Amino acid sequence: MTGTTPRLKHEVKDLALAPLGRQRIEWAGREMPVLKQIRDRFEKEKPFAGLRLVACAHVTTETAHLAIALKAGGADPVLIASNPLSTQDDVAASLVADHEIPVFAQKGEDSGTYNRHVQIALDHRPNIIVDDGSDVVAELVQHRQHQIADLIGSTEETTTGIVRLRAMFKEGVLNFPAVNVNDADTKHFFDNRYGTGQSTLDGIIRATNILLAGKTVVVIGYGWCGKGTALRAGGMGANVIVTEINHIKAIEAVMDGFRVLPMAEAAPLGDIFITVTGNKHVVRGEHFDLMKDGAIVCNSGHFDLELDLKYLAANAKEIKDVRPFTEEYKLTNGKSVVVLGQGRLINLAAAEGHPSAVMDMSFANQALACEYLVKNKGKLAPGLHSIPREVDEEIARLKLQAMGIFIDSLTADQIEYINSWTSGT
Ligand code: ADE
């Protein structure tokens, strides 16, 4: 639905979904106490007064809380989807109808619409960009250089986006400060590991309803997302095989108790394959050909190119929808491969993304990264910046406090000891 009701432009599926979205946003808020405290402070201090802000994010109940917090801080926001399949249409409707936030996002939008929404976002002439995957920043850098003068800076949520920003910096085209939210310990330790771990399995289970116990699950990539996915799959009783290209990560996987194999050896053994590498075609023709009949493949990395679906399509006699987000490719070799969520992030395509309790910390980082950019306007060099350590630690302190968990602190004697070097053996 494209419209101007109520008063603002938007493109959401159906504004009538707003009551459901409102209810679900409220529910998520119960698990997001840190972001709530930041929002309450923003409401009083208005750090973003007069600033135009674009957020490109998965439009979920958790993102709703981030957008509401930024608006409470005085920002004039526009929200677009960071993936064609991750939008929760009821949330998009509620943000428009209940919070007067212009949203341009519909679940299942085609890539033309997705790209048009990126243009709409940039037409807003943002002073701050909150990005997830760097699509907005990449478009700005490639085709709207003249708008860089408007920009105070950007923030980036995800590993893939950071990889792209580093490449831009290396090429000399990242001419403004970008805050690496993913780098914060309170982000990747929890969101990438426990968030991806739980929500990826949630997506697989919602899409297929299969039992994980006793299955062989091949986790492709052992970064933070892979670690969480392998950990949780093992916890559900699956036999986990990990594949890696990095020697250090491979040792970690071995010592965490997983079998590590090259992909060609894992391919005939797996019942379920999950890609979390951030790279392209990590599962390709030579691997699909070796898989068991009925093997299930899915992706939980940011982009939909980790599985070479073109190969599958080119070698399929038939592609059949067998359940929502579940397609069976009947191959010319007589076997079939089942693809979940069209190779897009399965945790957001078939489930609801990371649970609110971890997004609370990720989005506390996003909100404070935006404030950091504004407070340091004109002072930060172009390129990537980490979230200040004190901010990261403060988020952890607030989170623990909200969880009702208290910890010890160093005695004066201990502080003196760790700051000295004279007392040894
Ligand atoms: N990325 C992963 N899970 C998410 C969620 N629940 N909301 C926004 N972005 C996400």
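Share of antiparallel DSSP beta bridges in the chain, in percent to the nearest 5?
On the way: 13 of 56 bridges.
Of those bridges, close to 25 percent are antiparallel.
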## Note on the structure
Taking the dipole of the chain about the Cα centre (Lys, Arg +1; Asp, Glu -1; charges at Cβ), the one of Ala105, His385, Gly343 that reaches farthest to the positive side is Ala105
### Gyration tensor verdict on region 176-255 (Cα atoms; rounded if a/c is under 1.5, prolate if a/b is larger than b/c, oblate otherwise)
oblate
#### Entry: Cβ charges +1 (Lys, Arg) and -1 (Asp, Glu), total dipole of region 139-205, debye
180 debye
### Value of relative contact order over the chain, rounded to a whole percent, pairs C-alpha under 8 Å and six or more apart
16 percent
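Residues of region 194-349: accessible area per residue at 1.4 Å, in Å²? Kindly include the intermediate steps, with their values, before the conclusion.
Numbers: 6780 Å² over 156 residues.
Heavy-atom accessible area per residue stands at 43 Å².
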### Query
Amide H neighbours of Val179 under 5 Å, counting only residues 5+ apart in sequence or on other chains, H built in-plane at 1.01 Å?
Ser154, Thr155, Glu156, His385
### Query
Quick one: Karplus J couplings for region 224-229, per residue in order, coefficients 6.51, -1.76, 1.60, θ = phi - 60°, nearest Hz, x for Gly and Pro?
4, 5, x, 4, x, 5
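Going by the alpha-carbon gyration tensor, a ≥ b ≥ c the square roots of its eigenvalues, is region 194-349 rounded (a/c under 1.5) or, if a/c is not under 1.5, prolate (a/b greater than b/c) versus oblate? Intermediate results must be reported in sequence, preceding the final value.
Numbers: a/c = 1.62, a/b = 1.37, b/c = 1.18.
Here region 194-349 falls in the prolate category.
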### Query
When the Cα centres of region 368-425 and region 273-341 are compared, how far apart do they sit, in Å?
44 Å
### Task
Using a 1.4 Å probe and ignoring any ligands, DNA or RNA, find the accessible area of Lys9 and quote it in Å² to the nearest 10.
140 Å²
### Task
Just list whichever of Lys36/Lys187; Lys13/Lys71; Lys249/Lys335; Lys13/Lys187 have alpha carbons separated by over 25 Å in the model shown.
Lys249/Lys335; Lys13/Lys187
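I need the peptides 269-279, 386-396 ranked by packing, meaning the mean over residues of other C-beta atoms within 10 angstrom, with the highest value on top.
Details: 269-279: 23.5, 386-396: 16.5.
Going by the mean number of other Cβ atoms within 10 Å, highest first, we get 269-279, 386-396.
Tell me the GluC sites (Glu not before Pro) within region 91-187 that lie in a loop according to DSSP and have at most 14 other beta-carbon atoms within 10 Å.
Details: sites: Glu100, Glu109, Glu139, Glu156, Glu157, Glu171; in loops: Glu100, Glu109, Glu157, Glu171.
When the GluC sites (Glu not before Pro) of region 91-187 are filtered for loop state and at most 14 Cβ neighbours within 10 Å, Glu100, Glu171 remain.
Would you mind giving the average projected area, over all directions, of the Cα convex hull of the chain in nm² with one decimal? Could you put the intermediate results ahead of the total?
Numbers: hull surface 95.3 nm².
About 23.8 nm², averaged over all directions.
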### Query
Round to a whole number: what % of the accessible area of region 191-290 belongs to carbon and sulfur, probe 1.4 Å?
55 percent
### Query
Roughly how many percent of the accessible protein surface of region 309-425 is carbon and sulfur, given a 1.4 Å probe and a whole-percent answer?
54 percent
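Treating the beta-carbon of each Lys and Arg as +1 and of each Asp and Glu as -1, no other charges, what is the dipole magnitude of region 194-349 about its Cα centre, to the nearest 20 debye?
On the way: 16 positive and 16 negative charges, 34 e Å.
Roughly 160 debye for region 194-349.
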## Note on the structure
Under the 7 Å Cα-to-Cβ spin-label approximation, Lys44 and Lys320 lie apart by a distance in nanometres of 6.3 nm
### Query
Gly353's amide H: which non-local residues (gap 5+, or another chain) put their own amide H closer than 5 Å, with H modeled 1.01 Å from N in plane and none for Pro or chain starts?
Leu348
### Query
Hey, got a sec? Which chymotrypsin sites (Phe, Trp or Tyr not before Pro) in region 325-384 land in a DSSP loop and have at most 10 other Cβ atoms within 10 Å?
none
## Note on the structure
Classified through the alpha carbon gyration tensor (a ≥ b ≥ c as square roots of its eigenvalues; rounded if a/c is under 1.5, else prolate when a/b is larger than b/c, else oblate), region 20-162 comes out oblate
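The values are calculated or read from the model by the stated rules, or taken from the named source; none is laboratory data. Computed from a predicted structure; not experimentally measured. Please note: Cβ atoms are built from the backbone with ideal geometry, for glycine as well, and neighbour counts cover all protein chains shown. Surface areas here come from the heavy atoms of the whole protein model, side chains and all, with no ligands, DNA or RNA. Shrake-Rupley method; radii C 1.70, N 1.55, O 1.52, S 1.80 Å.
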